[in-house]
Every structure is written in C-alpha cells, then in structure tokens.
Amino acid sequence: MATTSLPQSTPRNGVSEVHILWITAGLSCDGDTISVTAAEQPGIEDVLLGAIPGLPKVYLHNPVLAMEVGDDFMKHFYQAEKEQLDPFVLVVEGSIPNERVKKDGYWAALGTDYNTGQPITTCEWIDRLAPKAWGVIACGTCATYGGIHAMAGNPTGAMGLVDYLGKSFRSKGGLPVVNVPGCPVQPDNMMETVLYLLYQAAGLSPVIPLDDQLRPTWLFGKTVHEGCDRAGYYEQGDFAHEYGSPKCLVKIGCWGPVVNCNVTKRGWMRGIGGCPNVGGICIGCTMPGFPDKFMPFMDQPPGATLSSTIAVSYGRAMRALRSITNNTANKEPKWRHPGSKLTTGYQPATY
Ligand code: SF4
Ligand code: SF4
Ligand code: SF4
C-alpha cells in the first residue's frame, strides 16, 4: 500500500501541555466519543490524569464529556482561535455538511456569534481552527470519508474532513489530517493515535506513519479477514448459511477479505469482540466507500461464490481479485466534494 510522504523527524520542542478541542458537531451521532470512553490502550483517563510517562499535561474539551456547558465550554474554542491555547489538537467527529448547497439556515453549528446572535457553523469552526491546530484528527468514518450521512441521495452534500480541507492541507505541526475511521471508531485505535500524536508533539516520537488514505499504517494495514477467528473455515471452504453458525460468514454478507480493519485482531473492549469473531458480518464500516459500495448489506459480496469452490486451489487468483475490490472500496464516491452544486442525486419528496 502506498504511503503518504511526510517529514522524517520531529525535533524535541519541550511542549509541557496540550489541549484537545473535540468538535462533535459534524453530522454525527456522538457514537465515536461514546466508543472512546471504552478505550484501555490507553484509557482516556490515563491520558488526562497523567498516568502515562513522558506525556505533556493534556486538557480535553469535548461537549459530550465536559462538565462545563455554554459559554464556560465555548471559551476554549475562542481562545484557540486567538492562539491562546497553543498547541492544540483538533478532533472532528461527524461528517462535514456542505453549507454552500443550503439556501436557508444551516446544516450544523456549534455556539453562537456574540455580535450577530447567529449560530457559528461547524464549517466555520473548522476554517478558524484547523490551520492553527498542531494536529487535526478525523475521528470515525463520517469525519474521515463522509460515512452514512454522505451516502447517495443525501440532501446535505456531506463529506469527510479531507474532502473539505483538501488533500494539500497541513496543520501547524506539518501533518495532513490523520484519519481514524470506524463506525464507530474502535476505542483503542483512536486513543493510540491520540497518544502517538501527543508524543510527537512533545518531540518524543517520529512522525506518525500514514497510508494513502491517511490512516495510521500499523492500525489499518491488514484486512478483517487476515485476523479473523473464522479464517480456518474459509480456507476449508466451509461456510455458514445462517446466523449463529461458527463457520465463515462470507456467504451471508461478510466483506472481511477486502476491508482494512483490525478489530478481528484487536477485539472491541479488552480484546473481546471484533465483528466476525463474534458472529457479525463485516459491512466495511472503516472504508472510504462505505456505505454505498457495500450495500445492500447481508447480500453475498462479489467473489463469495468463487470462494466456496476454488478458495484453496486458486488462492493467488483470489488474492488478485480481492486487491481490485479492495482498491474500489478504498475510494470515496465522487459526489463527496465541497463544490457549490449538490451532486448526490437527492430528490426532494413530493406530496
Ligand atoms: Fe456516528 Fe458512525 Fe458517524 Fe461516528 S462514524 S458519528 S458512530 S454514524
Ligand atoms: Fe473472512 Fe469474513 Fe469469513 Fe472471517 S467471516 S474468514 S472475515 S470472510
Ligand atoms: Fe467495521 Fe468490518 Fe471492522 Fe466491523 S469488522 S468494525 S464492520 S470494518
């Protein structure tokens, strides 16, 4: 897999504290924040309470987890905009709506402009904060690639953060947006990425390695299938035909062979879970092409018929076919863009 070209080292810079400004006001269900509360490698509490050696002091400003509300909460965002919270890491959760296609009102906002009394759109916050952030993380598939809100026919023109900011965007720390997909994000994947960037900000780690979809390479370099407990059944051509079976789920809709995700290796909480390991088909929720390229869910994916007959003898041919499908699933649909025209195929309801 191609990698993104980045500077080779980060000098020690003596950063003693870092703020994390976490916006959940994309088109979001807050599921990624909730998921991250289950992290243990490291736990969010470990990072905030200083239990990890070498880390700068970390302050988290997340509207779902904060004790503060209203102006007390929002003041951190205004301070960051004025570069009074330097350095800070910006986390965005939820897909980015296209406000340019909204004639009246707005799609998503956070806080109120004191001068006008009008809501400040999420896009405006991203414009204000992203260039001033030391690092920017897109958390969850909505924020990384658009996700569910960006599927065909949507009226919001939703997209991922990189679609919005552009591929050439670089944060103050010289990094592109760091993508940690998943719907929701796997808790330890997100916290491990945060931890890596905090160490990098403190000058204690090399530059984070990212793949061509800007995902941390060590987290998304393998497929679901490569870590699946059921892979032995697959190799024997022994397939489940109904839920509840311990066998390989490919014939009832599992996309694991072409999906970059580590939950079958890592589990979900404390190593337990990981969709196919515990009986759920992989629907490709980490992928740039999700959900459109994996629908309808629960139908047999392409290649599954071949799997049942020639998986063992024609392994090399199968892998070549899969890499074509993996490439397709690693591409976003073309309607996700910040242009002024809605191209999702949305048709208003007529009554
Ligand atoms: Fe919710 Fe999934 Fe979107 Fe996260 S990626 S905001 S969990 S829908
Ligand atoms: Fe691969 Fe899915 Fe079968 Fe697991 S259940 S072996 S991921 S196809
Ligand atoms: Fe998403 Fe598939 Fe990974 Fe489950 S196994 S988290 S459905 S990509």
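Considered as a group, the residues in the stretch 80-103 that are of a type in the set (D, E, K, R) and not in a strand (DSSP E or B) include one that is surrounded by the fewest Cβ atoms within 10 Å (Cβ to Cβ), and that residue is Lys103. In the stretch 184-196, the count of residues that are under 24 Å from Pro338 (Cβ atoms), in contact with a strand residue (DSSP E or B) (Cβ under 7 Å, 6 or more places away or on another chain) and within 16 Å of ligand 1 (Cβ to nearest atom) is one or more. Within the stretch 68-94, the set of residues being touching a Gly at 6+ places or on another chain (Cβ under 7 Å) and under 17 Å from Ser16 (Cα atoms) comprises just one member, Val89. Cβ separations smaller than 6 Å between residues 6+ apart or across chains give the following pairs from the stretch 167-194 residues that are farther than 14 Å from Pro131 by Cα to residues that are of a type in the set (Asp, Glu) and outside any loop (DSSP other than H, G, I, E, B): Pro184/Asp32; Val185/Asp32. The combined condition, being out of contact with any His (no Cβ under 8 Å at 6 or more places or on another chain), within 16 Å of ligand 2 (Cβ to nearest atom) and at pLDDT 95 or above, is not fulfilled by Arg170. In the stretch 290-305 there is no residue matching the filter, namely being modelled with pLDDT of 85 or more and among the polar types (S, T, N, Q). For the stretch 28-47: of the residues being part of a helix (DSSP H, G or I) and surrounded by 16 or more Cβ atoms within 10 Å (Cβ to Cβ), which is nearest to the chain's Cα centre (by Cα)? Only one residue fits best here, namely Asp32. Look at the stretch 227-256: where a residue is closer than 9 Å to Pro276 by Cβ and within 13 Å of ligand 3 (Cβ to nearest atom) and a partner is assigned to a strand (DSSP E or B) and of a type in the set (Ser, Thr, Tyr), sitting 6+ places away or on another chain with Cβ atoms under 8 Å, you get Gly256/Thr223. Residues in the stretch 257-281 that are part of a loop (DSSP other than H, G, I, E, B) and of a type outside the set (Gly, Ala, Ser): Val259, Cys261, Asn262, Trp268, Arg270, Ile281. Of the residues in the stretch 125-132, at least one is modelled with pLDDT of 95 or more, within 28 Å of Cys261 (Cα to Cα) and small (Gly, Ala, Ser). Being under 19 Å from the mean Cα position of the chain (by Cα), of a type in the set (D, E, K, R), away from ligand 2 (no atom under 16 Å from the Cβ) and more than 23 Å from Asp46 (Cβ to Cβ) is the requirement here; does Asp212 meet it? Yes, satisfied. Here Gly203 fulfils each of the conditions (1) at positive phi; (2) within 15 Å of ligand 2 (Cβ to nearest atom) apart from (2).
To keep it simple, each residue is scored yes or no on (1) of a type in the set (S, T, N, Q); (2) touching a Phe, Trp or Tyr at 6+ places or on another chain (Cβ under 9 Å); (3) surrounded by fewer than 24 Cβ atoms within 10 Å (Cβ to Cβ).
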| position | (1), (2), (3) |
| --- | --- |
| Ile126 | no, yes, yes |
| Lys132 | no, yes, yes |
| Ala138 | no, yes, no |
| Thr144 | yes, no, no |
| Gly153 | no, yes, yes |
| Val185 | no, no, no |
| Glu192 | no, yes, yes |
| Ser205 | yes, yes, yes |
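Of Ile137, Ile126, all but one fail to be closer than 23 Å to Glu332 by Cα, touching a residue at least 24 places away in the same chain (Cβ under 8 Å) and either in a loop (DSSP other than H, G, I, E, B) or within 14 Å of the chain's Cα centre (by Cα) (or both); the exception is Ile137.
All of Gly203, Gly284 fail the test of being touching a residue at least 24 places away in the same chain (Cβ under 8 Å), in the same structural domain as Ala143 (by TED's automatic domain parsing) and part of a loop (DSSP other than H, G, I, E, B), apart from Gly203. Of all the residues in the stretch 287-297, those that are more than 10 Å from ligand 3 (Cβ to nearest atom) and in a loop (DSSP other than H, G, I, E, B) number 5.
The values are calculated or read from the model by the stated rules, or taken from the named source; none is laboratory data. Given the structure is predicted, the values throughout are model-derived calculations rather than measurements. Ideal geometry is used to build each Cβ from the backbone, glycine not excepted, and the neighbour counts take in all protein chains shown.
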